[in-house]
1. Kindly write out, for the range 69-85 in residue order, the coupling ³J(HN,Hα) from the Karplus curve 6.51 cos²θ - 1.76 cosθ + 1.60 (θ = phi - 60°), rounded to whole Hz, with x marking Gly and Pro.
2. Order of 75-84, 42-51, 112-121 by packing, highest average Cβ count within 10 Å first?
3. Between Ser83 and residues 5 or more places away or on another chain, which pairs have amide H atoms under 5 Å apart, with H built 1.01 Å from N, and which residues are they?
4. Hey, can you grab everything whose amide H is under 5 Å from the amide H of Phe78? Only 5+ residues off in sequence or another chain; H modelled, so Pro and N-termini drop out.
5. Could you tell me the extents of the range 2-184's C-alpha atoms along the three principal axes, largest first, rounded to whole Å?
Amino acid sequence: MRHFNVVVLGAGGVGKSALTVRFVQDVFLENYDPTIEEAYRRVLDIDGVKTSLEVLDTAGAEQFTALKELYIKSGQGFVLVFSLTQEASLRELDNLRQQIHRVKGMDSDVPIVVVGTKLDLVTEREVARSTIQCLVALWKIPFYETSAKRDWHINDVFQELVKQMLMHYPEVEPPLKKASRRLRRKPCIVM
């Protein structure tokens, strides 16, 4: 079984916890309770490969920015979350994306998925789909619009991220065991 650390990042109040809890526990969190840090685990089967995901739901509040760098260092895949009802939350994503690339020391090819939440709140929408599509095309990152309340496209987000991580972190073949080394030795013949 493959094991991956996923970090969910975004501004405060955008729906990171609702997205994460819907994915892991299939429950919708009705009330907003600011998160400092919550870790969850779920096993997925992607294209016949069993994967165990450790999903870290992070704080969106500015006072926890020092923790973000630690989360990014330990993360192998990232879900960048903004609210479709708050245009300002979309602007925060570029800062997060740049911080991930800086901390990881990579210019590109970091497993990332961009998620717009609260798709069900149609009348409150502030972020045009065309705006998002331009950004993700520029960043070359997959994008999903979701609703944790309605359970729309939640699993798609994490399945896409796992596929990226499986490609980015290929499985290393285990070292040869002692038994197989013994088989390669020439037998000793006593006469």
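All of the numbers you see were taken from the coordinates with simple rules; none came from a lab. Just so we're clear, the structure is a prediction, and the values are computed from it rather than from any experiment. We place every Cβ from the backbone using ideal geometry, glycine too, and count neighbours over all the protein chains shown.
1. 3J(HN,Hα) across the range 69-85, in whole Hz: 5, 5, 4, 5, 4, 8, x, 10, x, 9, 10, 9, 10, 9, 9, 5, 9.
2. Listed from highest to lowest mean packing, they are 75-84, 112-121, 42-51.
3. Excluding prolines and chain starts, which carry no amide H, the hits are Ser89, Leu90, Thr117.
4. Val7, Ile112, Val113
5. Each principal axis gives a Cα extent; for the range 2-184 these are 69, 34, 32 Å.
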